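Worksheet: one structure, shown below.
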Amino acid sequence: MRKLLMSAAASLALALLPVAAQAAPEVGKPAPDFTGTTMEGKTVKLSEQKGKIVVLEWHNPGCPFVKKHYESNNMQQLQAYAKGKDVVWMSINSGAEGKQGTMTAAEAKDMFAANKLASSHYVIDSTGTIGKLYEAKTTPHMYVVDAKGNLSYMGAIDSNSSADPKTIEGATNYVRAALDAIAAGKTPEVTTSTAYGCSVKYAG
């Protein structure tokens, strides 16, 4: 009887243990999986993209650093370059409702068309679930996932943290360099950098 009681108590203790949080993103390790909803209302799951390189881009159309790369057409050109190599590009907006840059699905579609984005998907993450999973801190904050599903790069889009579009020329584009390295079967020379931009507008 005593053994049964001890066994029951042990089982209860295990059941009450908190579920371990998913590990933080780490280069060289599997990228945290997620399921998101696009502006068209469709479901997109990261793990279902395995076999293709994936770029994750945190986006806020009201951020000056995002405007730096979009009003100069730099980001759209990079998106098109990636898609030309059969890369899946997900632009993700993790801003909470009512915060700067957040949009309804209809507003996102209008913005997407007006700014001529070349993303494969525009994901609306108003709960911030995906952003917090990746510890995305800025817009833009960039991640590159290789065809095996491992995180290969995370950080800034390039090496110049100014909001001035004139600084794009001459800067090292870390995302493009990572895509080229992965396509060649190599490890990117730069795998992490400090992301720059506006803070992601999470709730709270």
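The values are calculated or read from the model by the stated rules, or taken from the named source; none is laboratory data. It should be emphasised that the depicted structure is a prediction, and the values quoted were computed from it without experimental measurement. Neighbour counts are summed over all protein chains in view; Cβ atoms, including those assigned to glycine, are modelled from backbone coordinates with ideal geometry.
Here are the numbers for the structure shown:
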{"read-out": "Test set (1) over 18 Å from E48 (Cα atoms); (2) of a type in the set (G, A, S); (3) surrounded by 16 or more Cβ atoms within 10 Å (Cβ to Cβ) - A106 fails condition number", "value": "(3)"}
{"read-out": "Qualifying residue in the stretch 44-61 (condition: closer than 14 Å to I124 by Cα and among the β-branched types (V, I, T))", "value": "yes"}
{"read-out": "Sole residue being touching an Asp or Glu at 6+ places or on another chain (Cβ under 9 Å) and without any contact (Cβ under 8 Å) to a residue 40 or more places away in the chain, chosen from S47, S91", "value": "S91"}
{"read-out": "Residue satisfying all of: in the stretch 156-171; more than 18 Å from P188 (Cβ to Cβ) and of a type in the set (A, V, I, L, M, F, W, C); surrounded by the most Cβ atoms within 10 Å (Cβ to Cβ) among these", "value": "I168"}
{"read-out": "Single residue of Y196, Y174 found to be under 14 Å from T139 (Cα atoms), at pLDDT 95 or above and either crowded, with 18+ Cβ neighbours inside 10 Å or under 18 Å from the mean Cα position of the chain (by Cα) (or both)", "value": "Y196"}
{"read-out": "Residue list for the stretch 21-43, filter: touching a Phe, Trp or Tyr at 6+ places or on another chain (Cβ under 9 Å), surrounded by fewer than 18 Cβ atoms within 10 Å (Cβ to Cβ) and modelled with pLDDT of 95 or more", "value": "V27, E40"}
{"read-out": "Test: residue in the stretch 117-133 that is in contact with a Phe, Trp or Tyr (Cβ under 8 Å, 6 or more places away or on another chain) and among the aromatic types (F, W, Y)", "value": "yes"}
{"read-out": "Residues satisfying the stated conditions in the stretch 92-114, i.e. closer than 21 Å to T35 by Cα, of a type in the set (G, A, S) and out of contact with any helix residue (DSSP H, G or I) (no Cβ under 8 Å at 6 or more places or on another chain)", "value": "G95, A96, A105, A106, A108"}
{"read-out": "Criterion (crowded, with 21+ Cβ neighbours inside 10 Å and in contact (Cβ under 8 Å) with a residue 24 or more places away in the chain) met by exactly one of A118, A82", "value": "A82"}
{"read-out": "Flag for S126 being modelled with pLDDT of 95 or more, out of contact with any strand residue (DSSP E or B) (no Cβ under 7 Å at 6 or more places or on another chain), closer than 27 Å to S47 by Cβ and buried (at least 17 other Cβ atoms within 10 Å of the Cβ)", "value": "yes"}
{"read-out": "Of residues in the stretch 24-36 being in a strand (DSSP E or B) and out of contact with any Asp or Glu (no Cβ under 8 Å at 6 or more places or on another chain), the one nearest to M111 (Cα to Cα)", "value": "T35"}
{"read-out": "So Y196, is it part of a strand (DSSP E or B), of a type outside the set (A, V, I, L, M, F, W, C) and farther than 17 Å from E26 by Cα", "value": "no"}
